[in-house]
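Worksheet: the structure to be examined is printed underneath.
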Amino acid sequence: MTRKKIILSLLLVGLTTVPIAAKVKLPAVFSSNMVLQQNTECNLWGKAAADRILKITTSWNRKTYRTVSDRLGRWHLQVKTPVAGGPYSIVFNDGEITRIDNILVGEVWICSGQSNMEMPMKGFKGQPVGGATEELLKGPDDQLRLFTVQRNAKVVPVDTIHGFWKEADAESIRRFSATGYFFGKTLRRNLRIPIGLIEIAWGGSRIEAWMTSDWLKAFPSITVPGTQLEVDKTQQRCPTALYNGMLHPLIGYTIRGVVWYQGEENVRWYRNYADLMTHMVRGWREKWGQGDFPFYYCQIAPYKYHLLGWMTNSAFLREQQAQVEKDVPNCRMAVLMDAGLPYCIHFRGKRQAGERLALLALSHTYDIDGLPEFACYKDVVFKQDTAVISFDRSKEWIYFNHGLTSDLFRVAGADKIFYPAKAWTNRNRVYVCSDEVKHPVAVRYAFTDWAEGDLFHDGLPVSSFRTDHWDDVLDNNY
């Protein structure tokens, strides 16, 4: 037999031994211990043998669904989920059996952003999370499930992520997002149903990294990378890289909504942040195909950014963030003016961050009555030497948290020079004046990198704000 005939014979043998069935392969997020969104048509997908009938049986209703994989083995279908409960199982069968167990049905939220979302309960080195030890000592909660997407920056969208669903216990909580954990724990306590949290965060990431190249076309100054080498140089700061490597593989996993904490890395480029975030939220919603799902986010906490060598004023970025909830439906902001640290960008008060995000969800997604609201600046009227400031969402009146007055207000006349001002409250108004400014035309409150906010409403801080539009005027003399 010639060499050519021998090779041909081996190839024919190989072809005849290819199995007609292949065990179903599921994305990492579809695994034992997962949480599925309750009372909805829930997306499932994966791979199997090409052009094969796949049967999927869900234990909660003992129903078997059928679908057919395409020529590449890809398949997708929706299953009807019940009201919250479990544990359940799902069996996948395309000739071989794949089974996932200990599945709960409840509420699923994505927790995304940069380091103040990524910061785990164990904290960073020398940067602890307040109350972490007490939380770890409270014991496990098998109705709270946690999934962390591993870091991955890519130039093109990928379909694979790495991670595991884990029941909440001391070990898994310790390594999970502290902001996310306090958010989920608060939902658990109030809703008393299973909660699933998916952490997709990377410290130091810019908002552009969580967007697609199509969405970024509206921002000509932002350069989208063309090679993986370009991505590797800047990683989490690289436009599109984290959308491609971390978010894209999860799009379609049926969720209730998103909580977000990001912004510090964009402080120096604050001018278009509101537009960027608006494009991002709308883009995520369009890709998910679930309508205007809830999107709740933290305003960055005050911090002395000059310690990083950044000669800017982060209050401008906070102002941009405050604009987003006015521009985007079903989008609300949690204020953290009282939570920051002057010397550390990774503040300890992650309980405040998580619980305030949960407050927004409980009020606006789950319609729980009686919860407080974040009041926000509305407008100003100048009456001779006094500025009268009014607020929206301030039914319980405005007050100062540490006394009858505040040192965080500044007023300016037409010369644009700001001076310290006296401030006092009456109902939902703040009155501001200064002996140095006889005819004020502008007021600023806590409008600087660092300030411990003391203007409150119903137990919650009010965001820093300004009544002017003088972007060339930096007032950091607090």
Test: Gly95 is open to solvent by 40 Å² or more (accessible area, probe 1.4 Å) and under 30 Å from Leu54 (Cα atoms): yes
I need a count of the residues in the stretch 222-239 that are of a type in the set (A, V, I, L, M), under 22 Å from Leu276 (Cβ atoms) and in a helix (DSSP H, G or I). 1
Filter the stretch 206-220 down to residues that are part of a loop (DSSP other than H, G, I, E, B), in contact (Cβ under 8 Å) with a residue 40 or more places away in the chain and small (Gly, Ala, Ser), then give me how many there are. 0
Any residue at all in the stretch 313-328 that is open to solvent by 40 Å² or more (accessible area, probe 1.4 Å) and in a loop (DSSP other than H, G, I, E, B)? no
Kindly state which strands (runs of 3 or more DSSP E) lie completely within the stretch 366-478 and contain at least 2 residues that are touching a residue at least 12 places away in the same chain (Cβ under 8 Å) and closer than 30 Å to Asn190 by Cβ. 376-383, 386-392, 398-400, 455-457
Of the numbered conditions (1) among the small types (Gly, Ala, Ser); (2) free of Cβ contacts under 8 Å to residues at least 60 places away in the same chain; (3) open to solvent by 10 Å² or more (accessible area, probe 1.4 Å), Gly203 fails exactly one; give the number of that condition. (2)
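Test Ile195 against the criterion of being free of Cβ contacts under 8 Å to residues at least 24 places away in the same chain and either under 16 Å from the mean Cα position of the chain (by Cα) or open to solvent by less than 40 Å² (accessible area, probe 1.4 Å) (or both), and give yes or no. Working first, answer last.
Numbers: free of Cβ contacts under 8 Å to residues at least 24 places away in the same chain: no; either under 16 Å from the mean Cα position of the chain (by Cα) or open to solvent by less than 40 Å² (accessible area, probe 1.4 Å) (or both): yes.
So Ile195 fails the test.
In the set Phe176, Phe164, Phe182, which member is closer than 29 Å to His248 by Cβ, touching a residue at least 12 places away in the same chain (Cβ under 8 Å), open to solvent by 10 Å² or more (accessible area, probe 1.4 Å) and of a type outside the set (D, E, K, R)? Working first, answer last.
Values: Phe176 fails: open to solvent by 10 Å² or more (accessible area, probe 1.4 Å); Phe182 fails: open to solvent by 10 Å² or more (accessible area, probe 1.4 Å).
Of the residues listed, the single one that is closer than 29 Å to His248 by Cβ, touching a residue at least 12 places away in the same chain (Cβ under 8 Å), open to solvent by 10 Å² or more (accessible area, probe 1.4 Å) and of a type outside the set (D, E, K, R) is Phe164.
Counting just the residues of the stretch 110-141 that are open to solvent by less than 20 Å² (accessible area, probe 1.4 Å) and of a type in the set (Ser, Thr, Tyr), which one comes out nearest to the chain's Cα centre (by Cα)? First the steps, then the outcome.
Taking the stretch 110-141 first, the residues open to solvent by less than 20 Å² (accessible area, probe 1.4 Å) are 110-117, 119-121, 123, 129, 132, 135.
Add one more test, that the residue is of a type in the set (Ser, Thr, Tyr), and what stays is 112, 115.
Numbers: Ser112: 3, Ser115: 11 Å.
Here the residue is Ser112.
Name the residue that is farthest from Asp275 (Cα to Cα), counting only residues in the stretch 329-341 that are open to solvent by 20 Å² or more (accessible area, probe 1.4 Å) and in a loop (DSSP other than H, G, I, E, B).
To start, the set of residues in the stretch 329-341 that are open to solvent by 20 Å² or more (accessible area, probe 1.4 Å) comprises 329-330, 332, 338, 341.
Narrowing the set further to residues that are in a loop (DSSP other than H, G, I, E, B) leaves 329-330, 338, 341.
Details: Pro329: 14, Asn330: 16, Asp338: 26, Leu341: 28 Å.
My answer is Leu341.
From the list Val441, Val388, Val462, Val473, pick out the single residue that is crowded, with 22+ Cβ neighbours inside 10 Å and in contact with a Phe, Trp or Tyr (Cβ under 9 Å, 6 or more places away or on another chain). Before the answer, list the steps.
Working: Val441 fails: crowded, with 22+ Cβ neighbours inside 10 Å; Val388 fails: crowded, with 22+ Cβ neighbours inside 10 Å; Val473 fails: crowded, with 22+ Cβ neighbours inside 10 Å.
Selected residue: Val462, the only one of Val441, Val388, Val462, Val473 that is crowded, with 22+ Cβ neighbours inside 10 Å and in contact with a Phe, Trp or Tyr (Cβ under 9 Å, 6 or more places away or on another chain).
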Given (1) surrounded by 22 or more Cβ atoms within 10 Å (Cβ to Cβ); (2) touching a Leu at 6+ places or on another chain (Cβ under 6 Å); (3) aliphatic (A, V, I, L, M); (4) more than 16 Å from Pro461 (Cβ to Cβ), Ile368 misses just (1)
The one condition Glu107 fails out of (1) open to solvent by less than 30 Å² (accessible area, probe 1.4 Å); (2) farther than 30 Å from Tyr343 by Cβ; (3) over 18 Å from the mean Cα position of the chain (by Cα) is (3)
Scan the stretch 240-275 for residues that are in a loop (DSSP other than H, G, I, E, B) and open to solvent by 20 Å² or more (accessible area, probe 1.4 Å) and jot them down. Ile251, Arg256
Name every residue in the stretch 9-26 that is open to solvent by 100 Å² or more (accessible area, probe 1.4 Å) and either modelled with pLDDT under 50 or in contact with an Asp or Glu (Cβ under 9 Å, 6 or more places away or on another chain) (or both), in order of residue number. Leu10, Leu11, Leu15, Thr16, Ile20, Lys23
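Residue-wise test of (1) open to solvent by less than 10 Å² (accessible area, probe 1.4 Å); (2) part of a loop (DSSP other than H, G, I, E, B); (3) more than 22 Å from Arg256 (Cβ to Cβ); (4) without any contact (Cβ under 8 Å) to a residue 40 or more places away in the chain.
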site: Ala28; (1), (2), (3), (4): no, yes, no, no
site: Ser31; (1), (2), (3), (4): no, yes, no, no
site: Trp45; (1), (2), (3), (4): no, no, no, no
site: Ala49; (1), (2), (3), (4): no, yes, yes, no
site: Lys55; (1), (2), (3), (4): no, no, yes, yes
site: Asn61; (1), (2), (3), (4): no, yes, no, yes
site: Thr64; (1), (2), (3), (4): no, no, yes, yes
site: Thr67; (1), (2), (3), (4): no, no, yes, yes
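The values are calculated or read from the model by the stated rules, or taken from the named source; none is laboratory data. As the structure is a computational prediction, the values presented were derived from the model and not from experiment. Note: ideal-geometry Cβ built from the backbone for every residue, glycine included; neighbour counts use all protein chains shown. Ligands, DNA and RNA are excluded from the accessible area calculation, which covers all protein heavy atoms including side chains. Shrake-Rupley method; radii C 1.70, N 1.55, O 1.52, S 1.80 Å.
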